[in-house]
1. When you check residue 215 against the structure, is it within 15 Å of residue 122 (Cβ to Cβ), modelled with pLDDT under 90 and either surrounded by 16 or more Cβ atoms within 10 Å (Cβ to Cβ) or not assigned by TED's automatic domain parsing to the domain that holds residue 359 (or both), yes or no?
2. Applying the selection to the range 299-348, what residues are more than 27 Å from the chain's Cα centre (by Cα) and part of a helix (DSSP H, G or I)?
3. Quick check on residue 120: is it in contact with a helix residue (DSSP H, G or I) (Cβ under 6 Å, 6 or more places away or on another chain) and either modelled with pLDDT of 80 or more or surrounded by 21 or more Cβ atoms within 10 Å (Cβ to Cβ) (or both)?
4. Counting only residues that are assigned to a loop (DSSP other than H, G, I, E, B) and in contact with a strand residue (DSSP E or B) (Cβ under 7 Å, 6 or more places away or on another chain), which one in the range 264-293 is surrounded by the fewest Cβ atoms within 10 Å (Cβ to Cβ)?
5. Here are the criteria: (1) within 23 Å of the chain's Cα centre (by Cα); (2) at pLDDT 85 or above. Tell me which single one residue 73 does not satisfy.
6. Out of 260, 228, report the one residue that is touching a residue at least 12 places away in the same chain (Cβ under 8 Å) and surrounded by fewer than 15 Cβ atoms within 10 Å (Cβ to Cβ).
C-alpha cells in the first residue's frame, strides 16, 4: 500500500483530503508545517508528498528541498492557490514532481498522484545488470548470451559520460530498462529521470509537454507551465520512440542538443537547460531519413553512441533465465506461489520465436501463472498463454500486420466502424475493449481492485476512474 504524506497548515484540508485518499486505498500520514513534514520524511520517507507552498514557518519550497536532500527520489506535488506565480514555477525547477492549483478536482489530483507514485517507483527500483536472475530483483537486464554481454559492456562504458545514447531494438526488447540503467549508473543518478513517450502523446500536445508554454500562448493557456525538459534540470530525459517524433518538434530537440537551450511556446527568451538526453526507437531511422520523416542533422546527432538490443530469438540460452526471473517477480506482484515450469513447458518456451520479445515472454508467463492452479505450469498451459496453434487471419492491403487480431475481434471492429462511421468509432472500440478487459480482470481477481490494477498494468486510481467511467458494478467485495 502506497504511503502519502500530506503537509498543510489547514487542519480541515488535511483531514478531508486524507479521508478521500484513504478511500482510494492509500496509507496517509499528515504534518501541520513544513518543519514537521521534513521531520516525517527524515524519520521514514513516504512514497509521495503532497504539500502546500505557503504555510506558517518555512515555505513548502524550502521544506521540499530539505526533504529531497534526505530522500533524493521522493516525488513531491506542490499545492498552490496562486496559479501562474513564479513560486509554483520555481518549485518545479527545484525538483517538485508537479504542482496543482487550488481548488482542484479530485480526479485531477488522483491522476497526478498515480503519475507521481509511478515515477517514484521508477526512480527507486534499481535496474540490475545480472547474468543470472535474483529473486530480490524486480527490474533486471538478465542474460548470459554473447549479445547481451556486449550490451552490458556498452552500458558500463556509456553510463559515466554525459554523451547522448541512442538505444535501438525491436519492440519489447527492454530499451527503457537500458535507459534506466544508464541513468542509475551515471553522475546524474540523484537527479530527475523523466520519460517522454513520443507516440503516447498526441502531436498537438507533445511540443507543450516537452518545452512548456507561457500564459496566453494558445487558447486555454491560463498560466505559465514548465515543460518536462525544464523539470529535468541537471537530470536525464529519456525520449522513447523518438523515430515517431513530429518534424516540428525535431527542430527544437536539435536546438536543445546543439545549444543547450529551449524556448517555451509563446516565449521569446531562450532558457538554458542542463540535461542529458537518452533516446530509443524501434524504427529504421535510415529509412525515415530517406523518406523525409526524420531530419538528417538530428539523425547524425542521435547516433553518436548507439546501443543495439538483440531480439530474444538471437539471445541463445537466455529464455530459461528470463522465465525464472519473470515467474519469481510476478508471483510476488500477484501475491501467489511460484509453481515453476515443467521441462516440457521450458522446452516450448525455448523453441518459440517470440516476435514480441521479452515483453511477450513476460506477458505469456503472467497469463499462465494466473491460471496455474498452484501446480507447475505445463506445456499446454504455456501453449494457451502464447497462442500457439491459433491461426492468424489473412490480412491484405496497405498497413497489413503479421500479428493481426483474431477474426472475432476483427468482426467486432468492422461492425463498430460501420455503425459509428464518423461518430468517434475509434474511441468507441477502445472503450468497449477496455471495459471488457477491466471486467475480466475484476472477475479473475474476485473484485480485488489492487490485484486487478496490477494484472492490467494500471495504477489503482486509474483503474477506479475507469470503473466509474464504464459504469461497472461489482457484486463482490473490492479492496
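The values are calculated or read from the model by the stated rules, or taken from the named source; none is laboratory data. Bear in mind that the values here come from a model prediction, so they are computed numbers and not experimental data. Counting neighbours? That spans all protein chains shown, and the Cβs are built from the backbone with ideal geometry, glycine included.
1. Details: within 15 Å of residue 122 (Cβ to Cβ): no; modelled with pLDDT under 90: yes; either surrounded by 16 or more Cβ atoms within 10 Å (Cβ to Cβ) or not assigned by TED's automatic domain parsing to the domain that holds residue 359 (or both): yes.
Judged against the criteria, residue 215 is not a match.
2. Within the range 299-348, 300, 343, 344, 345, 346, 347, 348 qualify.
3. Numbers: in contact with a helix residue (DSSP H, G or I) (Cβ under 6 Å, 6 or more places away or on another chain): no; either modelled with pLDDT of 80 or more or surrounded by 21 or more Cβ atoms within 10 Å (Cβ to Cβ) (or both): yes.
Spelling it out, it is not the case that residue 120 is in contact with a helix residue (DSSP H, G or I) (Cβ under 6 Å, 6 or more places away or on another chain) and either modelled with pLDDT of 80 or more or surrounded by 21 or more Cβ atoms within 10 Å (Cβ to Cβ) (or both).
4. So in the range 264-293, the residues assigned to a loop (DSSP other than H, G, I, E, B) come out as 264, 266-270, 273-275, 282-284, 291-293.
Applying the additional criterion that residues be in contact with a strand residue (DSSP E or B) (Cβ under 7 Å, 6 or more places away or on another chain) yields 264, 266, 270, 273, 275.
On the way: 264: 21, 266: 15, 270: 13, 273: 19, 275: 23.
Out of the qualifying residues, it is 270.
5. (2)
6. Numbers: 228 fails: surrounded by fewer than 15 Cβ atoms within 10 Å (Cβ to Cβ).
260 is the lone residue from the list that is touching a residue at least 12 places away in the same chain (Cβ under 8 Å) and surrounded by fewer than 15 Cβ atoms within 10 Å (Cβ to Cβ).
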